[in-house]
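Single-structure report; data block below.
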Amino acid sequence: MTTRQPFQTRYANPSAILDPDIAIGDVIVCDISASMDEKSFEPTKTKRHVMHEALVSYLDIKRTHRPQDYVAIIAYETTATVCCPLLNIRCHSDQIRTALHRMEHLPVGDTSMKTGLRKVMGLVREDIGYGLLRNGIVRCLAYSDGYDSSTWAALWCARKLRRIGVLIETFGVGRDPTEVDEGFLRGIASSEDNFVHYRFLGDGDAVRETFLALANGGLTFDGSITPWTNTKR
């Protein structure tokens, strides 16, 4: 009787790989719950506004520096909406930007990340044409500004995504870490050894710095940003 080995991908240790020409597929899972319209850490701006500005800059940087990459936009609250599927940033930058602006007009509800993660699973199943899981890497970039109503279901979805090779980065957005469920967000995030792909974003500079790094291919964990290292010989 043979013992079945646990499923792993070539990116089981994603922080240890980087080819500058590798294609990354980023699925951005955006919290549009009602609390995102509350005042943020910057005067006159809501949390939604701060995140929107950071994501617009992220797209601009991607288009200039990583034209081989793909981006998808998912908005979630009580339900989730795929604003756009995985599209190449060079060929479809206008369509992706339109999808980002579309979020401003969607209805709002409670925070339920499971709905967004289920949509991510659907997009990953459609990845056959791009082959990003086989030849590149797929990242789920998910942020939340509160306590989630779907804890166990969201954790189950995250476990399934990590198992098939998706790297999950999570972010808590708020003026204080107590405003978000950091334990939940760490549980959703990918981890290896003591490396956890979670970061709390408590001011505008942290938001902008983080998404600048993500646009250029960086990884985040517990308050720090680590660039990928090239292991090609």
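Residues checked against (1) more than 24 Å from H197 (Cα to Cα); (2) touching a residue at least 12 places away in the same chain (Cβ under 8 Å); (3) among the small types (G, A, S); (4) touching a Pro at 6+ places or on another chain (Cβ under 7 Å):
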{"position": "D31", "(1), (2), (3), (4)": "no, yes, no, no"}
{"position": "A34", "(1), (2), (3), (4)": "yes, yes, yes, no"}
{"position": "I74", "(1), (2), (3), (4)": "no, yes, no, no"}
{"position": "C91", "(1), (2), (3), (4)": "yes, no, no, no"}
{"position": "A99", "(1), (2), (3), (4)": "yes, yes, yes, no"}
{"position": "K119", "(1), (2), (3), (4)": "no, yes, no, no"}
{"position": "V138", "(1), (2), (3), (4)": "no, yes, no, no"}
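Can you give me the number of residues within segment 189-233 that are more than 23 Å from V56 (Cα to Cα), touching a Lys or Arg at 6+ places or on another chain (Cβ under 7 Å) and modelled with pLDDT of 65 or more?
The total comes to 2.
Output the residues belonging to segment 39-56 that are among the polar types (S, T, N, Q) and in contact (Cβ under 8 Å) with a residue 40 or more places away in the chain.
Correct list: S40 only.
Per-residue answers, yes or no, for (1) under 27 Å from V180 (Cβ atoms); (2) of a type in the set (A, V, I, L, M, F, W, C):
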| position | (1), (2) |
| --- | --- |
| S93 | no, no |
| L106 | yes, yes |
| K119 | yes, no |
| G122 | yes, no |
| R134 | no, no |
| D145 | yes, no |
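Can you find, within segment 111-140, the residue that is farthest from L167 (Cα to Cα) among those that are surrounded by fewer than 16 Cβ atoms within 10 Å (Cβ to Cβ) and modelled with pLDDT under 90?
G129
Only residues that are out of contact with any Leu (no Cβ under 7 Å at 6 or more places or on another chain) and aromatic (F, W, Y): list them for segment 173-222, please.
F184, F195, F200, F221
For segment 39-58, what are the residues that are surrounded by fewer than 20 Cβ atoms within 10 Å (Cβ to Cβ) and aromatic (F, W, Y)?
Hit for segment 39-58 is F41, nothing else.
Checking the condition modelled with pLDDT of 90 or more and either under 18 Å from the mean Cα position of the chain (by Cα) or not aromatic (F, W, Y) (or both), which residue from I32, I22, I17 passes?
I32
Being in contact with a helix residue (DSSP H, G or I) (Cβ under 7 Å, 6 or more places away or on another chain) and either aromatic (F, W, Y) or more than 26 Å from T151 (Cα to Cα) (or both): is that true of R102 here?
No, not satisfied.
The values are calculated or read from the model by the stated rules, or taken from the named source; none is laboratory data. In this text, all values refer to a predicted model and were calculated from it rather than measured experimentally. Cβ: placed from backbone, ideal geometry, glycine included. Neighbour counts: every protein chain shown.
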